[in-house]
Amino acid sequence: MDLNDTLVFIVDDNPLVRDSLKQLVKSIGLEACTFSSAQEFLDTNLPDKTCCLVLDVRMPKLSGLELQEKLQNKGSLIPIIFMSGHGTVPISVRAMKAGAIDFLQKPFEDQVLIDAIHHALRQNKKTRHAQLEVNKIKKNIQSLTQREYEVLIPVVSGTLNKEIAYHFNMSESTVKTHRSHIMKKMAVNSLAELVRATEKAKIFPQQK
C-alpha cells in the first residue's frame, strides 16, 4: 500500500485524544487529519485518497452514530473505526450492523488501533478499486448506441444471434456487427468477460 496516498481521519471532541491519536498515526508513517466535531467533518471537502475514519461515539450535537448514518446516506465508502469510553453492547451492535470496521473500548492498546487502521485502509483500497472498475464499465456502457445497448441485453443472457436478429427484425450479419462493436467498446475479449462486466455494473439480463 502506498503510504503517501493514504489518510486517517480522526473525529473526537477531546483535543487531548485528537492530538494523541494523530501522533500515533504519524508514528506508523501515515498522514492524519483531525476534526473536533462530526459536523466539521461533514462540512469538509475530503481529498480523494485511500482513507479510514477513527470516530468517537459520544460527541455534542452530532454523535458518531449519527455521522455514520449521514455518511451512509451520502454513499460514502469510508470505513469507520468507532471508539467509546462508555460503549454498550446495543451501541456497538448498531455500529457494526451499519458497517463499522471495528468498535474499540477506551482505553485500548495502541497496537489494537494500529491493526484496525491497517485493516480499514486495506478494505478501503479494495473498495475504491472495485468502484473505479464499475465506473469504467458504466462509462463504456454509456458509449454504446441505443441499438447496441438493446442488443447487449439478449447477448449477455445467452440469446443466439438468429434469435436476436428475429426479435429486432435485422440480419444475423448486422447482429454480429453490433456484437463486435459492443465487445470493442466494452473492452472485453469474450462473452464471459462481457457477462462479468455487466454483472459488476448491475446490468442484469432479462430472464428468458
Take the residues in region 182-204 that are assigned to a loop (DSSP other than H, G, I, E, B) and more than 21 Å from GLN131 (Cβ to Cβ), then tell me which one is most open to solvent (accessible area, probe 1.4 Å). ASN189
Name the helices (runs of 4 or more DSSP H) wholly within region 95-181 that hold at least 3 residues that are among the aromatic types (Phe, Trp, Tyr) and within 23 Å of the chain's Cα centre (by Cα)? none
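Does THR88 satisfy being of a type in the set (Ser, Thr, Tyr) and without any contact (Cβ under 8 Å) to a residue 60 or more places away in the chain?
Working: of a type in the set (Ser, Thr, Tyr): yes; without any contact (Cβ under 8 Å) to a residue 60 or more places away in the chain: yes.
Yes; evaluated as a whole, the condition is true for this residue.
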Name, by its number, the condition in (1) over 23 Å from LYS22 (Cβ atoms); (2) open to solvent by less than 30 Å² (accessible area, probe 1.4 Å); (3) charged (D, E, K, R) that does not hold for ARG94. (2)
Out of all the residues in region 57-89, which are open to solvent by 20 Å² or more (accessible area, probe 1.4 Å) and under 22 Å from ASN124 (Cα atoms)? GLU66, GLU69, LYS70, GLN72, ASN73, LYS74, GLY75, SER76, LEU77, ILE78
Residue hits (region 35-55; in contact with a Phe, Trp or Tyr (Cβ under 8 Å, 6 or more places away or on another chain) and not in a helix (DSSP H, G or I)) are PHE35, THR44, LEU46, CYS51, CYS52, LEU53, VAL54, LEU55
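The values are calculated or read from the model by the stated rules, or taken from the named source; none is laboratory data. All values reported here derive from a predicted model rather than from experimental measurement. Every residue, glycine among them, receives a Cβ derived from its backbone with ideal geometry; neighbour counts consider all protein chains shown. Keep in mind that these areas ignore ligands, DNA and RNA; they rest on the heavy atoms of the full protein, side chains included. Shrake-Rupley method; radii C 1.70, N 1.55, O 1.52, S 1.80 Å.
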